[in-house]
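Colleague: Here it is, the structure in full.
Any read-out appearing in this document is the output of simple, stated calculations on the displayed coordinates, not a laboratory observation. Quantities reported herein were computed from a predicted structural model and do not represent experimental measurements. Please note: Cβ atoms are built from the backbone with ideal geometry, for glycine as well, and neighbour counts cover all protein chains shown.
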Amino acid sequence: MRLLSGMRPTGRLHIGHLVGALNNWLSMQSEYDCFFMAADWHALTTSYTDTSKLPEDIMEMALDWRALGIDFTRSTVFVQSDVKEHAELYLLFGMITPMPWLERDPTLKNMIEDMHLRGANYGLMGYPVLQAADIALYKAGAVPVGIDQAPHIELAREIVRAFNHRFSIVFPEPKALLAPTPRLPGTDGRKMSKSLDNAIFLDETPEDMKPKVTQLITDPGKIHATDPGDPDICSVQYYHKALRPEDAPQADTDCRAGRLGCVKHKGYLAEILSSYLSPFREARAALRGREGETRELLKAGAEAAGRVAAETMEEVRKAVNLPF
Ligand code: TRP
């Protein structure tokens, strides 16, 4: 079975990307025929004013993926804009997507609110249509994503269904494979995001991370170390559960019983985080200076993806009765 997922290149990856999406990708590599894509055109839908950092952001993300264990020789890893067929299928999908489907997409609404984009541009409205094209171009049946992307995948299913119904059956309906752990909250309790300045980055040193761990929001009703707390509303415990599930139930019990203070729990979490990320930091350091090689791997990935995309588009043009 084929699988596709993508990520916008928006700079350094943070722990939310890892827990909410990339760990899920990693676990799929041995079972599926995986396509992983740097969604640079998607990045342009919101960050079109200054694109000077885009090449660097793409490379940083690719190096981060490699350091995490995404295998560029086993999976097909490429940059969206290197395969122009995405744009062609996007255009055709645009013809069969009713506007109200886009207007009620909650993920799109959130993006517009988060980024204070008054009056979204046409490109942003098309965001889910482009995403549907990304998936359908490779006839992917499964899409590993975080829960925030679920509405986009549902829309992709509807668009593909509309195409199959109107023309002929070309595409499978893709299923979302949701990450087992949802995205972790940022240091201020809101969704973790670079633009909100509340992220813990994958390449941070333990010293840089410590003050951020200290900021994490715990149960506001727990004032003293010996007060019983509610771990269900504690960011420290969310992280603990995601990163070291083995002894998280013990912390839950101890917090409720007033045997585990927040300061102590944060100290322990700082250790968990630093040992969790240390293999990544080492692998990432070993990749320094290997941009050229990584660029070659991405080029080879784009060629392999392009072959599949070209085949699909032949079928699509035939189905739509366009010259081919
Ligand atoms: N919208 C996704 C995100 O922001 C990125 C993305 C682009 C994607 N194209 C995709 C995800 C196709 C899955 C499949 O995370």
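Colleague: Given H placed on each backbone N at 1.01 Å, which residues far from L184 in sequence or on other chains put an amide H within less than 5 Å of it?
Modeller: Under 5 Å from the amide H of L184: G20.
Colleague: At what distance in nm do the modelled label points of Q215 and L91 sit from each other, each positioned 7 Å from its Cα along Cα→Cβ?
Modeller: 4.5 nm
Colleague: Using a 10 Å cut-off on Cβ atoms, rank the peptides 18-24, 134-140 from the highest mean neighbour count down.
Modeller: On the way: 18-24: 22.3, 134-140: 24.6.
Going by the mean number of other Cβ atoms within 10 Å, highest first, we get 134-140, 18-24.
Colleague: Follow-up question, since we're still on this one. Calculate how large, on average over all directions, the projected area of the Cα convex hull of the chain is; give the answer in nm² to one decimal. List each step's numbers first, then the result.
Modeller: Details: hull surface 70.4 nm².
That works out to 17.6 nm², a quarter of the Cα hull's surface.
Colleague: How many times 2.2 N^0.38 Å is the alpha carbon radius of gyration of region 206-285?
Modeller: Working: Rg = 13.0 Å, N = 80, 2.2 N^0.38 = 11.6 Å.
My calculation over the Cα atoms of region 206-285 gives 1.12.
Colleague: Okay, next question. Over the Cα atoms of region 101-228, what is the Rg over Rh ratio if Rh follows Kirkwood? Before the final figure, lay out each step's value.
Modeller: Numbers: Rg = 19.6 Å, Rh = 17.6 Å.
Looking at region 101-228, the ratio lands at 1.11.
Colleague: Under 5 Å between amide H atoms, partner at least 5 residues away or on a different chain: which partners does K175 have, H built in plane at 1.01 Å?
Modeller: So K175 has HN proximity to A142, V143.
Colleague: What FRET efficiency do you get for R317 and R161 if R0 is 25 Å and r is their Cβ-Cβ distance, rounded to the nearest 0.05? Please report the intermediate quantities before stating the final value.
Modeller: Values: r = 20 Å, r/R0 = 0.79.
According to the calculation, E is roughly 0.80.
Colleague: Related question: Using a basic spin-label model with each label point 7 Å from the Cα along Cα→Cβ, how many nm lie between E293 and A257?
Modeller: 5.1 nm
Colleague: Which whole-Hz ³J(HN,Hα) couplings does region 126-142 yield from phi under the Karplus relation 6.51 cos²θ - 1.76 cosθ + 1.60, θ = phi - 60°, glycine and proline marked x?
Modeller: Result, rounded to whole Hz: x, 3, x, 5, 4, 5, 4, 5, 3, 6, 5, 4, 9, 6, 6, x, 9.
Colleague: Sticking with this one: In terms of modelled amide H atoms, which long-range or inter-chain residues lie less than 5 Å from the amide H of V79?
Modeller: A38, A302
Colleague: Using 0.36 nm per residue, how much length does the chain from T51 to R190 gain when fully extended, once their Cα-Cα distance is taken away? Kindly include the intermediate steps, with their values, before the conclusion.
Modeller: Values: separation 139, 0.36 × 139 = 50.04 nm, distance 2.67 nm.
Extra length from T51 to R190 when fully extended: 47.4 nm.
Colleague: For region 270-275, just list the computed ³J(HN,Hα) in residue order, Karplus coefficients 6.51, -1.76 and 1.60, θ = phi - 60°, integers in Hz, with x standing in for Gly and Pro.
Modeller: Calculated HN-Hα couplings, in order: 4, 5, 4, 4, 5, 6 Hz.
Colleague: Related question: How would you rank 215-225, 265-275, highest first, on the average number of other Cβ atoms within 10 Å across their residues? Don't skip to the answer; put the middle values down first.
Modeller: Values: 215-225: 15.1, 265-275: 17.7.
Averaged packing, sorted descending, gives the order 265-275, 215-225.
Colleague: Could you order the peptides 230-238, 180-188 from most to least packed, using the average number of other C-beta atoms within 10 Å per residue?
Modeller: Result, highest mean Cβ count within 10 Å first: 230-238, 180-188.
Colleague: Applying the Karplus parametrisation 6.51 cos²θ - 1.76 cosθ + 1.60 with θ = phi - 60° to the phi angles of region 37-42, what ³J(HN,Hα) value in whole Hz is obtained for each residue in order, glycine and proline being reported as x?
Modeller: 10, 7, 8, 6, 5, 5
Colleague: Could you give the distance between the Cα centres of region 1-49 and region 55-97, to the whole Å?
Modeller: 8 Å
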